[in-house]
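S.K.: I have a structure here, written as structure tokens, and I will follow up with some questions on it.
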Amino acid sequence: MKHCSVRIIHNFYTIALKKNFNGKLKYGQQEFDFDAGVMHFMAPRQVLAIDASPAEFIHSGWLLLIHPDFLWNTPLAQKIKKYEYFGYQVNEALHLSDREEGMISDTMQHIAHEYQSGIDAYTQDVLLAHIELVLTYCERFYQRQFITRKLANHQLLNRLEELLTAYFKSDDLANKGMPSIQYISEQLHISPNYLSRLLKTLTGQSTKQFVHDKLMDLAKEKLSTTDQTVNEIAYALGFEHPQSFSKLFKSKTKLSPLEFRHSFH
């Protein structure tokens, strides 16, 4: 069956719940996993490309469009920008249990009822309260997804391990220094905040702490198996100043690099 591609750009914040949809989505320039998830979010002027057959365009669900002007001069105007699921870096739809979907749908029905009722002095406040409740629910459910989607999360952790191993083995470490959090998140196609929260959930560490620990593992290997000086090791690991390397090493091991090396003799 012939497929067609559609590009969608809205001037709205978009909250969508779609069911029985089997097409492929590209959010920005990245493939977007909608296979099992049902909710998707877009900020104004973002691009969503849909590749699907006519049959796949037949689906159920609902769509909430919120114009930025409706939020103007309210606390939600700034708060809505902080929800990571409106960012291009999120590459997975929100998965909902039946109970969670019911909670979202009930709140959406309240929004629809209020929207269709007569406008009075409280209409905007009531709508904003319900919209913020939907956003808060979704924030909670995305955090739950960190925990329940363990396989996908651990696969991402494996990709991070492979990325750092390859970086440490290349000349980039000595020439460019330690990889930045922005670089790592871009390579993994997720936002820095998403990466940090994922690592906190899986390892209890921030991204910086995780990278430092992997770097110190490499430092221990060099100190125990090579004759390189501490300064040479520091430069090879991307430190501009050997003192910075020694300070970090001692904070992680309670030993100076030389004390650690001497412990092997």
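The values are calculated or read from the model by the stated rules, or taken from the named source; none is laboratory data. For clarity, every value in this text was computed on a predicted model and none was experimentally measured. All Cβ positions, even for glycine, are placed from backbone atoms using ideal geometry, and neighbour counts span all protein chains on display. To get the accessible areas, we keep the full protein, side chains included, count just its heavy atoms, and leave off ligands, DNA and RNA. Shrake-Rupley method; radii C 1.70, N 1.55, O 1.52, S 1.80 Å.
S.K.: Any chance you could look up the accessible area of TYR235 with a 1.4 Å probe, heavy atoms only, rounded to 10 Å²?
M.R.: Rounded to the nearest 10, the figure is 120 Å².
S.K.: Find the accessible area per residue for the range 132-265; the probe is 1.4 Å, ligands and nucleic acids are left out, and the unit is Å².
M.R.: Details: 7540 Å² over 134 residues.
About 56 Å² of surface per residue is accessible.
S.K.: How big, in percent, is the set of alpha carbon pairs in the range 128-218 lying more than 15 Å apart?
M.R.: 64
S.K.: If I stretch the segment between VAL47 and HIS113 completely, what's the gain in nm (0.36 nm per residue apart, minus their alpha carbon distance), one decimal? Could you put the intermediate results ahead of the total?
M.R.: Numbers: separation 66, 0.36 × 66 = 23.76 nm, distance 2.97 nm.
This chain segment gains 20.8 nm when fully extended.
S.K.: Nearest 0.05, what FRET efficiency do LYS208 and THR165 give at R0 = 22 Å with Cβ-Cβ as r?
M.R.: On the way: r = 18 Å, r/R0 = 0.80.
Using R0 = 22 Å, I get an efficiency of 0.80.
S.K.: At what distance in nm do the modelled label points of GLU240 and LYS252 sit from each other, each positioned 7 Å from its Cα along Cα→Cβ?
M.R.: Rounded to a tenth, the inter-label distance reads 2.0 nm.
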